[in-house]
Amino acid sequence: MSLAHGRPYLAIPGPSVMPDRVIRAMMRPAPNIYEGDLLDLTGGLVRDLSAVAGTTAPAAIYIANGHGIWEAALANILAPGDRVLVPATGRFGHGWAEVARALGAEVEVLDFGGRAPLDPTRVERDLAADAHHRIRAVLTVHVDTATGIRSELGALREVLDGLGHPALLMADCIASFGCETFQMDRLGVDVTLAASQKGLMTPPGLGFLWVGERAEAARSRLDRVSPYWDWTPRIRPQGFYQHFGGTAPTHHLYALRAALDMIAEEGLAAIWQRHETLARAVWAAAEIWGADGALRVNAPEGCRSHAVTALRLGGGDGERLRRWCADEGGVTLGIGLGMDVPEDHFRIGHMGHVNAHMVLGALGVIEAGLAALRIPHRPGGAMAAARVCAGL
Ligand SMILES: *Cc1c(COP(=O)(O)O)cnc(C)c1O
């Protein structure tokens, strides 16, 4: 007998749960891509995406996942030999650095380890040492999905302005977009990156770049940009096909329309608040469980993501617990990604289409798994999470 039969819950940090409304929006025949509704719909998407990003900058839409968007962002501003600075707080920062290196950039990684946010004063030191302004961009990750660490990016704009350093401030918001407070223009971010399959509740396959004025100017310095990644025709298309560098990702666009409608109906402020409360419920559970035993939230308080939580156990218990929750409870948790011993860790995605019953259900199953596997913990974590959801 297994208790997993029922509606499965994929609680990994992307792809996230797709609302039925998003799934239904895709159930239709292929549309005309030369004229008609799809063209109007795309114009609305671009506008609404920029509203969610908190910017007047236009959105470039790519048929790509997050890795594609990393490359798209860099392909428009880097020539071989250019330098970039990468303050890394987990696997995803290092991953973006590797893409920059593969494109021929000289990459300086400022490694903050996996348990701390980026430190603006250390970034400042490295930028100040770059007297000839060879560093073209600072590549930041708002929420590193491997470690669950969120870094504050506003301080970096002040650092750059204070030094008069022209490097672009780029922000990978792939995990945090639509989940955590972020306003591109207010923060002074030059390029923002996102993808469809996390807070945007849409299948993997669309990537987004918002390109500020400074970034457009940097783009025009390059003699040549690989045509598929060039953002210019995508943000200033002469014809509809140029939005996508070819055939439109038709059904993804309908899905995204439904998701953006849901975001508009709930309101961004309420969405950010919901994510924060549900994240607090997860942390409250972990704090109780960890009072007896090894379980800990990886990120220290004050820099924890509201979209994903990475947790540490020990002795391979992260992987055992994940297995139990999937096989016996119908909840699929995220693997321990990019950690020293991945089997000791697991992650809970709480991004996008998630509510109290989903998160409390997942936490209840985790508590059942801890008990069933005799992993040392203090009981009562799920109840503590319920109290957070009750506003207590
Ligand atoms: C998911 C994610 C990526 C990579 O996205 P893929 O779609 O898996 O290529 C990059 N950065 C962050 C912060 C992410 O969460």
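The values are calculated or read from the model by the stated rules, or taken from the named source; none is laboratory data. Being a predicted model, the structure only gives us computed values, none of them experimental. Glycine gets a Cβ as well: all are built from the backbone with ideal geometry, and neighbour counts include every protein chain shown. Remember, those area values only see protein heavy atoms, side chains included, never the ligands or the DNA or RNA. Shrake-Rupley method; radii C 1.70, N 1.55, O 1.52, S 1.80 Å.
Need one number: nm distance between label points at E152 and L373, each 7 Å from Cα along Cα→Cβ, rounded to one decimal. Going from the E152 label point to the L373 one covers 3.6 nm. In a GNM of the chain with a 10 Å cut-off on Cα contacts, which of D130, D82, D190 has the highest mean-square fluctuation? Taking springs between Cα atoms under 10 Å, the residue moving most is D130. Accessible area ranking (1.4 Å probe, heavy atoms, ligands and nucleic acids excluded), largest first, for Y34, Y241: Y34, Y241.
By the gyration tensor of its Cα atoms, with a ≥ b ≥ c the square roots of the eigenvalues, what is the shape of region 137-240: rounded for a/c under 1.5, prolate for a/b over b/c, or oblate? Since a/c reaches 1.5 but b/c is at least a/b, the shape of region 137-240 is classed as oblate.
Build a GNM of the chain with springs between Cα atoms under 10 Å apart, and of G14, G148, G293 the one that fluctuates most is G293. Using the 1.4 Å probe convention, the accessible area of the chain works out to 41 Å² per residue with neighbouring protein chains retained. Put simply, the amide H of V308, placed in the peptide plane, has neighbours under 5 Å in H350, leaving out anything fewer than 5 places away on its chain. Between the C-alpha center of region 312-369 and that of region 230-288 there is a gap of 24 Å. Of the residues A129, A64, I77, the one whose Cα sits farthest towards the positive end of the charge dipole of region 62-132 is A64 (charges of +1 on Lys and Arg Cβ, -1 on Asp and Glu Cβ, taken about the Cα centre).
Charge dipole of region 240-374 (Cα centre as origin; +1 on each Lys and Arg Cβ, -1 on each Asp and Glu Cβ, all else neutral): 120 debye, rounded to the nearest 20. Give the residues of region 357-381 whose amide nitrogen is closer than 15 Å to a point set 7 Å from the Cα of L392 in the direction of its Cβ. The answer is 380-381. Rolling a 1.4 Å probe over the protein heavy atoms of the chain, with every protein chain left in place, gives an accessible area that is 54 percent carbon and sulfur. Largest first, the residues E180, E98 sort by 1.4 Å accessible area into E98, E180. Straightening the chain between A102 and F240 buys 46.5 nm, computed as 0.36 nm per residue apart minus the Cα-Cα spacing. Given R0 = 30 Å, the distance between the Cβ atoms of E213 and M26 translates into a calculated FRET efficiency of 0.30. Shape analysis of region 290-392 places it in the rounded category; the axes a ≥ b ≥ c from the Cα gyration tensor give an a/c below 1.5.
Contact order for the chain, expressed relative to its length and based on alpha carbon pairs under 8 Å spaced 6+ residues apart, stands at 23 percent. Heavy-atom accessible area, probed at 1.4 angstrom with all protein chains present, ranks H306, H132 as H132, H306, highest first. Largest mean-square fluctuation among E287, E266, E124, in a Gaussian network model of the chain whose springs join Cα atoms under 10 Å apart, belongs to E266. If the segment from T247 to V341 were pulled out straight at 0.36 nm per residue, it would be longer than the present Cα-Cα gap by 29.6 nm.
The stretch between D161 and I33 holds 41.7 nm of extra length on full extension. This uses 0.36 nm per residue minus the Cα-Cα distance.
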